[in-house]
1. Just want to confirm a number: the relative contact order over the stretch 176-255, from Cα pairs under 8 angstrom separated by 6+ residues, in percent.
2. Just the number, please: percent antiparallel of the DSSP beta bridges in the chain, rounded to the nearest 5.
3. Starting from the Cα-Cα distance between residue 378 and residue 319, subtract it from 0.36 nm times their residue separation and give me the gain in nm to one decimal.
4. At a 10 angstrom cut-off on C-beta neighbours, averaged per residue, how do the peptides 85-98, 273-286 rank from highest to lowest?
5. Quote the FRET efficiency, to the nearest 0.05, computed for residue 93 versus residue 410 with a Förster distance R0 of 56 Å and r equal to the Cβ-Cβ distance.
6. Give me the one-decimal nm value for the distance between modelled label points at residue 229 and residue 109, 7 Å along each residue's Cα-to-Cβ direction.
7. Report the label-to-label distance for residue 238 and residue 10 in nanometres (one decimal), using points 7 Å from each Cα along the Cα→Cβ vector.
8. How much length, in nm to one decimal, is gained on full extension between residue 179 and residue 310, taken as 0.36 nm per residue of separation minus their Cα-Cα distance?
Amino acid sequence: MKIEIITIGDEILIGQILDTNSAWMAKKLNNSGFLVNQIVSIADDKQQIIKALSEAQGRADVVLMSGGLGPTSDDITKETLCEYFRTELIPNKEVLLDIERLFKAFGSEMIETNIQQANVPANCKVIRNTKGTAPGMWFDNDNKIVISVPGVPYEMKEMMSQHIIPNLCKRANVSAIVHKTILTQGMGESFLARKIQDWESSLSKDNIKLAYLPSAGIVRLRLSASGNHEPKILKQINRKIKELNKLIPSYIFGYDNDTLEQIVGGLLKKNRVILATAESCTGGYIAHLITSVPGSSAYFSGSVIAYSDLIKQNILGVDKRLMQEKGAVSKEVVKEMALGILEKFNTDYAISCSGIAGPDGGSKEKPVGTVWIGVASKSDVLVKKFHFGDNRQYIIRATALTALNLLRKMLVA
């Protein structure tokens, strides 16, 4: 069963909001065994809606439309669907009761535009909306299905989860689709691809597909396979993951929805040790990641954002002459920062970093993207140099994730 998604709204096309609906819908459909072939975003325009719908029906078995069902004049999806399916709007008593109950719960008075939302195309099956005023609509047309849902995310999600996906599953004999994501840190996409090229070539024997999903500091490797016997597929994928673990054991830190901050936090808690950070170029982002995990107060003491040289000297105890000789972005200074925060906060572990996040401040010897990261314990200090390109936000996130991964390796060593 081929599925296409159409999201409707001028606000998407002008970049005012992100189209998160189609991503969520595609993920949920895929988890249920359906493949989404195409996603299209269009304006609140009758001719565009008709054109997109007509083209999608020519390619797909199911067309899912999101948006354009509100009470205002720019919401024209319902009227356009009436024209497309050659029908008319008629009042629906159940929908009207739903709207009345909703307004009563909020203590608000209904107006005519709200009442008109109870009008639905005569030849559709109504999908009740328990979270809002605009109902969803299901059309069966020449062995094809067209479904229209509101663009409000929590309304759409309720309809998809409770009604649309269960009913689509009843209609289709879908195959199982299994995804497994391996999370790696410390090697860029192209180098990683070269390292595992023989392993990647072997995946086709089991009809397993590999996708590289790079982001700042992390490369995700997604393995996907489909078939009628899910346990067998999962067994094949897990066997390939074991092979990969033997190839790049030091680069794999987790799977699927794991995060470095969660994994590092779990290790710190398990070992009953405390961490502190001394951050320059990241401006506290490492501490932010650590404290985004519930319960992090059990293993995180605090942080010094040593953005200026004076803070590095006066708070962390970095030698002034050392800074003058080597510069703030240097192995020696970052080592002093790590040892300084370790002593000042009396913790078991420390992370430090100093770098040039740009866009200014670089030089031939130290270009933008140059970062030194330090990880220290009471018995060991590791300081490493990295180059993270020239995008400021990328540099900050890559630095934070790399620092966490260096700490993870120290904790499991």
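Here, each number is a calculation from the coordinates, and none is a lab measurement. Please read all numbers here as calculations on a predicted model, not as lab measurements. Cβ: placed from backbone, ideal geometry, glycine included. Neighbour counts: every protein chain shown.
1. Dividing the mean separation by the residue count of the stretch 176-255 yields 46 percent.
2. Here the antiparallel bridges make up roughly 60 percent for the chain.
3. Details: separation 59, 0.36 × 59 = 21.24 nm, distance 2.01 nm.
In short, 19.2 nm is gained.
4. Packing order, densest peptide first, comes out as 273-286, 85-98.
5. Step by step, r from the Cβ atoms, then E = 0.25.
6. 6.7 nm
7. 5.4 nm
8. Result for the pair: 42.2 nm of gain on full extension.
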